[in-house]
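Structure first, commentary second.
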Amino acid sequence: MTTPAIDRAQHERLANAIRSLAMDGVEQAKSGHPGLPMGAADVATVLFTRILKYDAAEPRWPDRDRFVLSAGHGSMLIYALLYLTGTPGMDLDDLKTFRQLESKTPGHPENFMTAGVETTTGPLGQGLATAVGMAMAERMLAAEFGKKLVDHKTYVLASDGDLMEGISQEAIALAGHQKLNKLIVLWDDNGISIDGPLSISDSVDQLARFKACGWKAERVDGHDPDAIEAAIRRAQKSSKPTLIACKTVIGFGAPKKAGTSKAHGEPLGAEELAAAKTALGITGGPFEVAADVLKAWRGFGASGFAERKEWNARLAALSERKRGEFERRLNHTVPAKLAKALVAHKKALAASPVTVATRKASELALEAIAPVMPELVMGSADLTPSNNTRTKAAEDFTPKTPKGRYVRYGIREHGMAAAMNGITLHGGFRTAGGTFLVFADYARPSMRLAALMGLPVVYVMTHDSIGLGEDGPTHQPVEQIASLRAMPNMRVLRPADAIETAEAWQIALERTDGPTVLALSRQNLAPVRTDGTATNRSAKGAYELLAAEGGKAQVSLFASGSEVEIAVAARKLLADKGMRARVVSVPSLEALLEQDEATRAAIIGDAPIKIAVEAAVRFGWDGVIGTDGGFVGMSSFGASGPYKEVYKHFGITPEAVVEAAIKRHNG
Ligand SMILES: Cc1ncc(C[n+]2csc(CCOP(=O)(O)OP(=O)(O)O)c2C)c(N)n1
């Protein structure tokens, strides 16, 4: 961005408009965080008046620079900026309804509520780690479509808390390793958190830490606009990602509270607010911005207009095919060929059934998917040979091979999950990453944000039960499946064989409004499906796999994943004893429970005896089997041993299922 030089006095008036609106917004809401917007107003003003490539009129312009407010508690900063720059939909009235129900100005920035907010932040560290994914996606997309279409930077405003959270280490290590030089982090280095001065809990040399992770790092006076600008310009030329520690005073301008934790998270109060405005030379009533200041801000907001028009012209000049593909990719439109490829794959599996672990079945499905889905970015938090996430033709994404679509995340589950959010938010890619299911807990805060934001990220989570055997209870998930099912908008699929795994991938990739966990087995599973039907039988969460023979079912057996074959064996044993049982495969319990009542009732059936089998805790199954239903599964942590013995040890066997059925039959 090239803009006329701004003198110090003008800069201060622009920055004070942010301070003023932030103070007023928080005061009106009677809650919120004035300290950060007041302290970081100079940094933000430099960014939005001298640096950022953006056109406020079109906050979704694909080639805009990204700005991530990682310290989401300082949300009034971004709302004030959106208003001042003239982003459509952000009016003074919106600032006046800060933190009110259904406002565009929620307590923490929510990208689905507010145009111009790049990502939802609030849990500290997430914005920074998400931005790493955005910067990765920018590089990947530029490598594919060229710099004329894709050439922007990712800026982050991070607070002390962002840098203290563990996820920041995973994020900065990954960014440093990938040499993401278009990622620039501005640290609001105010030395204050809620409990008081940072010195009571932290003594990390952040500059040294970032440098050790492969970053360029320097410190500037965060209230000196020219120094901030100069540091950013140096960062733009760096071959490494950059941290700029901007030394600031929290609550800058508030006579009594500035520089103290009192400015962090509560309204200043009428007296202090008035005194702050006087000290800063702000005149006018609440939410008033001097006309010339607003005009100047609006000018900066529109300064990217010409650049955006030129970009539009370049897009229009592309061949129809290339432009269509670029737009399809940005819109996350699922390729038409995907369903066909997966149906063909299912047909092939039906013709020559395979006994494989579902993690292997997932790899087989990926081999069918990858050629028709060039936007699919795979990766894994190490463990690639264990979770089978890498197809044969895949190339690693590295600084030298930006067209590579396989990301080596290292042993950083949390960083991976956050980066996947960033890749998805950036646009142009769908992404999936792998780890062991038990380590979903290490990735969970970012998975939760994916679910909240409705991002269609896929998690390939293998070693999904005690069936992993010898690694023992630290590695055997028992409660993770239930806890992930409990997360709103998270889809959990636990396929039973290779055909169901193909269906699970289809569901995950055709979903565009939320994330999906694929829970996959380590151990081999015999095929339970022999049909290669084009219908996705897993789509409703469950379906009757085997009907009862010889009359109405007396027993309904429900199972997911590796336990479906146990249910199938139990059905046979029950038949030998003269009892009629049906088997319902339940690849997604929560999807079944979300069906309308008639569909759900038809699938669940009315057999008097209902038994569920799943090598995990019972939590959630009562919705299918009732509180009086039988459950064959886990009620404790697992144990280390060969998996077949572990299954016997915990009584997850066809015989145990039969026993549970007979016990109920005999009353
Ligand atoms: C993961 C997480 N833990 C705790 C919080 C609650 N919280 C909000 S702000 C904050 C710390 C404030 O310190 P700092 O990051 O320096 O922000 P500043 O005081 O400078 O605004 C905390 C602990 C949070 N938002 N996210």
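The values are calculated or read from the model by the stated rules, or taken from the named source; none is laboratory data. Predicted, not measured: the structure shown is a model, and the values here were computed from it. Here the Cβ is made from the backbone with ideal geometry for all residues, glycine too, and neighbour counts use every protein chain on show. For the accessible areas, the whole protein counts, side chains as well, though only heavy atoms, and no ligand, DNA or RNA atoms are used. Shrake-Rupley method; radii C 1.70, N 1.55, O 1.52, S 1.80 Å.
Remarks
- From K262, K277, K257, residue being within 16 Å of the ligand (Cβ to nearest atom), assigned to a helix (DSSP H, G or I) and not polar (S, T, N, Q): K262
- Residue within region 308-315 that is under 30 Å from L163 (Cβ atoms), surrounded by 14 or more Cβ atoms within 10 Å (Cβ to Cβ) and more than 16 Å from the ligand (Cβ to nearest atom) present: no
- The helices (runs of 4 or more DSSP H) located wholly in region 4-108 that include 3 or more residues which are surrounded by fewer than 24 Cβ atoms within 10 Å (Cβ to Cβ), at pLDDT 95 or above and away from the ligand (no atom under 16 Å from the Cβ) occupy 8-29, 92-96.
- Listing of strands (runs of 3 or more DSSP E) fully contained in region 420-493 that carry 3 or more residues being β-branched (V, I, T): 458-462
- Breaking point among (1) touching a Ser or Thr at 6+ places or on another chain (Cβ under 9 Å); (2) free of Cβ contacts under 8 Å to residues at least 24 places away in the same chain, for W297: (2)
- Candidate set: region 567-589, residues that are of a type in the set (G, A, S) and more than 32 Å from the chain's Cα centre (by Cα); chosen: the one farthest from V613 (Cα to Cα): G578
- Restricting region 227-251 to residues that are within 13 Å of the ligand (Cβ to nearest atom) and not β-branched (V, I, T), the residue that is nearest to W215 (Cα to Cα): A245
- Note on region 339-391: residues that are among the small types (G, A, S), assigned to a strand (DSSP E or B) and under 23 Å from A418 (Cβ atoms) amount to 2.
- L186 without any contact (Cβ under 8 Å) to a residue 24 or more places away in the chain and either away from the ligand (no atom under 14 Å from the Cβ) or among the aliphatic types (A, V, I, L, M) (or both): no
- Count of residues meeting criterion [of a type outside the set (D, E), open to solvent by 20 Å² or more (accessible area, probe 1.4 Å) and part of a helix (DSSP H, G or I)] in region 624-646: 2
- Residue that is farthest from G133 (Cα to Cα), among those in region 392-407 that are open to solvent by less than 10 Å² (accessible area, probe 1.4 Å) and in a loop (DSSP other than H, G, I, E, B): G404
- The set of residues from region 550-583 being among the polar types (S, T, N, Q), touching a Leu at 6+ places or on another chain (Cβ under 9 Å) and under 26 Å from Q523 (Cβ atoms) comprises S560, S562.
- Of all the criteria given as (1) open to solvent by 10 Å² or more (accessible area, probe 1.4 Å); (2) under 18 Å from the mean Cα position of the chain (by Cα); (3) within 16 Å of the ligand (Cβ to nearest atom), the one not satisfied by E118 is (3).
- Condition met for P123 (over 30 Å from L330 (Cα atoms), open to solvent by 30 Å² or more (accessible area, probe 1.4 Å) and either in contact with a strand residue (DSSP E or B) (Cβ under 9 Å, 6 or more places away or on another chain) or within 16 Å of the ligand (Cβ to nearest atom) (or both)): no
- Residue count for region 121-180 under the criterion of being of a type in the set (G, A, S) and either at positive phi or free of Cβ contacts under 8 Å to residues at least 12 places away in the same chain (or both): the result is 3.
- Members of region 109-163 found to be of a type in the set (S, T, Y) and not in a loop (DSSP other than H, G, I, E, B), listed by number: T130, T154, Y155
- Check on K337, open to solvent by 30 Å² or more (accessible area, probe 1.4 Å) and among the charged types (D, E, K, R): yes
- Of A175, A142, A135, A171, all but one fail to be within 16 Å of the chain's Cα centre (by Cα) and more than 16 Å from the ligand (Cβ to nearest atom); the exception is A135.
- Top-ranked residue of region 145-156 - restricted to ones that are open to solvent by less than 10 Å² (accessible area, probe 1.4 Å) and more than 20 Å from V43 (Cα to Cα), ranked as farthest from the ligand (Cβ to nearest atom): L149
- Of the set (1) within 22 Å of V46 (Cβ to Cβ); (2) buried (at least 22 other Cβ atoms within 10 Å of the Cβ); (3) away from the ligand (no atom under 14 Å from the Cβ), all apply to S159 but (3).
- Pairs, first within 16 Å of G222 (Cβ to Cβ) in region 190-211, second open to solvent by 70 Å² or more (accessible area, probe 1.4 Å), C-beta under 7 Å, six or more apart: L207/R219
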